[in-house]
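Each value in this text was obtained by applying a stated rule to the coordinates, not by laboratory testing. Values in this document were obtained by computation on a predicted structure and should not be read as measured data. As a convention, Cβ positions derive from the backbone with ideal geometry for all residues, glycine included, and neighbour counts pool all protein chains shown.
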Amino acid sequence: MVKLSVIVPFYNVQQYAPDTLKSLRANAREDFEFILVDDCSRDGTPDILARAERELPGAVYVRHEQNGGLATARNTGIDRARGEYVTFLDGDDWLASGYYPRLVAAIEELGCDFLRTDHVQCTARARSVHRVPHGRRNTVLDPRQAILPADRSTSVDYAFAWAGVYHRRLLERGLLHFTDGLRTAEDRPWIWKLHREAESFAVVNLLGVYYRRGVASSLTQIGDVRQLDFIRAFDQVVADTARDPEADRLLPKAVRTYCAIISHHLGSIERFEPAVAKKLKSMSAAALRRMPQDVLDEALDSMDLTRATKLRRLRRRPAPAGAAA
């Protein structure tokens, strides 16, 4: 029986894939499988993965004939997964040796639906530890209670799918799949869904994932129209939360986070192509008008004056035809 399924999407990462695969080998176990999903790469990545299928214990190689984005690639892996537990890794990141056996041992000891872990962010030669924004560790908790408070960073703001491990019962309940086709912010509706609908989770002091920032091919570094999928992602967060029985309690957090992300993108608008920057403004204005306006007013009142003023001005911006997300 497969104990752990590791889903690893790759797209045009021939420079980094060998390090990723080497770290997987250092985590191999006879009851682990590594599902390597190539999302129609155009560089040497497919050849590297084809070789890994032969040489890496537990490797399963799947290739997309069309590029579908990270969410779709992860869903392909989820559909192939046979493990009692599921986790994720991106094709340009890497792991500490022996990390996955320790991760599995941690969730088995606690017996919860999912675990969250800290990670190491790597930018060029700089290294920094990023921690789950939740104080209680090694204790099984109700994930719904970790969504709030609205005015502080919480577990739903730490949306990295690879920073944790997930029991198969979540897959069987329909909670592990991502929104198909999202090319950025795909983790956001996903982590909110987990925290609203799973029954138990825990945070543990376990470091082992090395997250590579500043990769030239990463969407976080590219100012094209795919970046605007964050609007579709957060529209889903707000819409799903609005249907929740505790919508009155949870919506302020969803709306305030959405506003903060819009403000973040507007603050670095110069990195976008001119046409995309214009579309960012019009789509963000439309998104603000779609939000529950009473909840939005409260969220803006709670933000600093500079951001709140900018967002209020944006909300009043005339909506050109075709500006909706």
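Please list 3J(HN,Hα) in residue order for segment 126-138, calculated via the Karplus relation 6.51 cos²θ - 1.76 cosθ + 1.60 where θ = phi - 60°; whole Hz, with x for glycine and proline.
For segment 126-138, the Karplus-derived couplings read 7, 10, 8, 8, 10, 9, 4, x, 8, x, 7, 10, 6 Hz, x marking Gly and Pro.
Shape call for segment 102-188 from the C-alpha gyration tensor, a ≥ b ≥ c root eigenvalues: rounded (a/c under 1.5), prolate (a/b greater than b/c) or oblate?
Verdict is rounded for segment 102-188.
Determine the relative contact order of segment 103-151: mean sequence separation of Cα pairs under 8 Å and six or more apart, normalised by residue count, in whole percent.
Computed value for segment 103-151: 27 percent relative contact order.
Can you give the FRET efficiency for ASN67 and LYS22, using 1/(1 + (r/R0)^6), R0 = 30 Å, r = Cβ-Cβ distance, to the nearest 0.05? Walk me through the intermediate numbers first.
Numbers: r = 25 Å, r/R0 = 0.84.
For R0 = 30 Å, the calculated efficiency reads 0.75.
Between VAL203 and residues 5 or more places away or on another chain, which pairs have amide H atoms under 5 Å apart, with H built 1.01 Å from N, and which residues are they?
Sorted by chain and number, the residues that satisfy this are ARG116, ASN138, THR139.
If each of ARG313 and ALA242 carries a label point 7 Å out from its Cα toward its Cβ, how far apart are those two points in nm?
The two pseudo-label positions are separated by 2.8 nm.
Go through segment 30-38 residue by residue and turn each phi into a ³J(HN,Hα) via Karplus (6.51, -1.76, 1.60, θ = phi - 60°); whole Hz please, and just put x for glycine and proline.
Working through the residues one at a time gives 5, 9, 10, 10, 10, 8, 9, 9, 8 Hz.
Relative to the present Cα-Cα distance, how much length would full extension add between ARG51 and HIS264 at 0.36 nm per residue of separation?
72.6 nm
Using alpha carbons only, what's the Rg to Rh ratio of the chain with Rh from Kirkwood?
My calculation of the ratio gives 0.97.
Quick check: pseudo-label points 7 Å beyond the Cα along Cα→Cβ at ASN205 and ASP31, how many nm apart are they?
Rounded to a tenth, the inter-label distance reads 2.8 nm.
Give me the percent of DSSP beta bridges within the chain that run antiparallel, rounded to the nearest 5.
Here the antiparallel bridges make up roughly 35 percent for the chain.
In nm, what is the difference between 0.36 nm times the number of residues separating GLU108 and ARG152 and their Cα-Cα distance?
12.8 nm
Would you mind checking which residues have amide H under 5 Å from TYR61's amide H? H placed 1.01 Å from N; only 5 or more apart, or other chain.
For TYR61, the qualifying residues are LEU36.
Can you give the FRET efficiency to the nearest 0.05 for GLN293 and ARG80, using r as the Cβ-Cβ distance and R₀ = 56 Å?
My answer for the efficiency is 0.80.
Evaluate the relative contact order of segment 60-132 (contact order divided by residue number), counting alpha-carbon pairs under 8 angstrom at least 6 apart; express in whole percent.
Relative contact order, segment 60-132: 15 percent.
How far apart, in nm, are two points set 7 Å out from the Cα along the Cα-to-Cβ line at LEU305 and at THR123?
Roughly 2.9 nm, to one decimal.
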